[in-house]
1. Here are some conditions: (1) open to solvent by 60 Å² or more (accessible area, probe 1.4 Å); (2) outside any loop (DSSP other than H, G, I, E, B); (3) over 20 Å from P137 (Cα atoms). H81 meets all but one. Which one does it not meet?
2. Buried (at least 20 other Cβ atoms within 10 Å of the Cβ), among the aromatic types (F, W, Y) and either modelled with pLDDT under 90 or touching a strand residue (DSSP E or B) at 6+ places or on another chain (Cβ under 7 Å) (or both): does that describe F412?
3. Do you know which residues across segment 39-70 are at negative phi and small (G, A, S)?
4. Enumerate the pairs (first residue in segment 19-45 and outside the structural domain of K133 (by the TED database) and in contact (Cβ under 8 Å) with a residue 60 or more places away in the chain; second residue anywhere and among the aromatic types (F, W, Y) and assigned to a helix (DSSP H, G or I)) with beta-carbon separation below 9 Å, excluding pairs fewer than 6 apart on the same chain, so at least 6 apart or on different chains.
5. Tell me which helices (runs of 4 or more DSSP H) are completely within segment 151-268 and hold 2 or more residues being at pLDDT 90 or above and closer than 27 Å to E109 by Cβ, or say none if there are none.
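The values are calculated or read from the model by the stated rules, or taken from the named source; none is laboratory data. Every value quoted in this text rests on a predicted model; they were computed, and no experiment measured them. In this analysis, Cβ positions are derived from the backbone assuming ideal geometry, glycine residues included, and neighbour counts consider all displayed protein chains. For accessibility, only protein heavy atoms count, side chains too; no ligands or nucleic acids. Shrake-Rupley method; radii C 1.70, N 1.55, O 1.52, S 1.80 Å.
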Amino acid sequence: MAEKELDSMSLSELRLLSAFLAMETTDSLLCLARECGGGKLTEKVQSFIWDHCLTKAVGKGYESYSKKFVKKLITEIESNHGNVLDELYEQYASYMISFKDDNPVKENERVCKCISFLFPDCFKLSICPKSRKLVVPLQCSLNMLEGDTGCSVWPSSLFLSELILSYPHIFSGKSCFEVGSGVGLVGICLAHVKASKVILSDGDLSTLANMKLNLEKNRLNTETNLPEPSIENQNVVSSSHGHFIPCHQVKCIHLPWESASEKELQNFMPEIILGADVIYDPSCLPHLVKVLAILLNKKKSYIENREGSIPNSFPGDGKVNDAHDLDASSFHAQRINTSEVKGIINNAVDLVSRADPVAYIASVIRNADTFDRFLALADQADLRIKDLTSTLRPFDLLPYIKSYDRSSIRLFTVT
């Protein structure tokens, strides 16, 4: 879509278009559509949906998705005795001919959708496109729970992506390594803010292949340790609408935590490690903690640390004034203090200055016992965990994703 065309849209229209491209629920789309029409699904709003959503959406899954939306849209307008545009009736008739059933896209099939980061006017950093919109196309699964979890877009990966784009100076010029990279969204954002090196990993080969495809969709030059040769694309990442940013090659590696060797991990030694929703399976936690401990410790081997002793404090830890030290017994009683924007920025600057590797883990704590187990294992591995949920808050760059509950996500650093 032309940048001039985007500039002519109101904020509510931009949010509606972004929600459609992200395949948000039909109820969310209708809510945003009413916002565009001052509470009503006016003919002007219908024309916008026709001109900018239905006629221009391309990619696997959009026709099935659009059919459901148009059916609900027509029903809502008719139930309120409104006038439905002829184009919408004709489009729905076309869908009825194309699809003989209501669910042509199965839950375990993958679709192509776009995540659009919408930068506020106050955002003055150089990473912000002129259009104030960064669009990331992704092939992903609609099924978040059964058999295809690695190819779904999880809330914590959205949170980490917002964090990276909100505080690019933390990650710019740094060597970054993500554990459990899923669809690759975090890695794409790291490349956008010009991380010096981006290494993405996953233990599932099908997830890794899908991740590589998404990197190439976003015009990133990729390298993998998969058997098949990688496809070399233009060495840039696109934010859509003609905005390109040079970046280094992104490497994708097959890394099952349970079989990862210390020698293999010591070849990477990143400055920053990231993980989104990786604290979920109790049986995997010992392996995850081992991987984090090796990646975070650049002075002694993990085995040496377990046999001997290492200091419990790290240079620079005291710089994050409002962060909270955690342990399994105190976590649930802990109270989080809020901080002003100035304090958040100061903490972000402090984090850039630290010399030791640091991990940023974003997670929804779905099971307290599982999280307590993670804290106990981290303590045994001489890892220090801090809660930065209230002291390092990202901008709301995804205001149109109603299903994304940012308040449920906690942000931790591990050193």
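1. So H81 meets the others, but not (2).
2. Values: buried (at least 20 other Cβ atoms within 10 Å of the Cβ): yes; among the aromatic types (F, W, Y): yes; either modelled with pLDDT under 90 or touching a strand residue (DSSP E or B) at 6+ places or on another chain (Cβ under 7 Å) (or both): yes.
Considered against the rule, which asks whether it is buried (at least 20 other Cβ atoms within 10 Å of the Cβ), among the aromatic types (F, W, Y) and either modelled with pLDDT under 90 or touching a strand residue (DSSP E or B) at 6+ places or on another chain (Cβ under 7 Å) (or both), F412 comes out as yes.
3. Once the filter is applied, which keeps residues that are at negative phi and small (G, A, S), segment 39-70 yields S47, A57, S64, S66.
4. If the second residue must be among the aromatic types (F, W, Y) and assigned to a helix (DSSP H, G or I), the pairs left are L21/Y62; M23/Y62; M23/Y65; L32/F20.
5. Working: elements: 155-166, 168-171, 185-192, 205-217, 262-265.
In segment 151-268, 155-166, 185-192, 205-217 are the helices (runs of 4 or more DSSP H) which contain 2 or more residues that are at pLDDT 90 or above and closer than 27 Å to E109 by Cβ.
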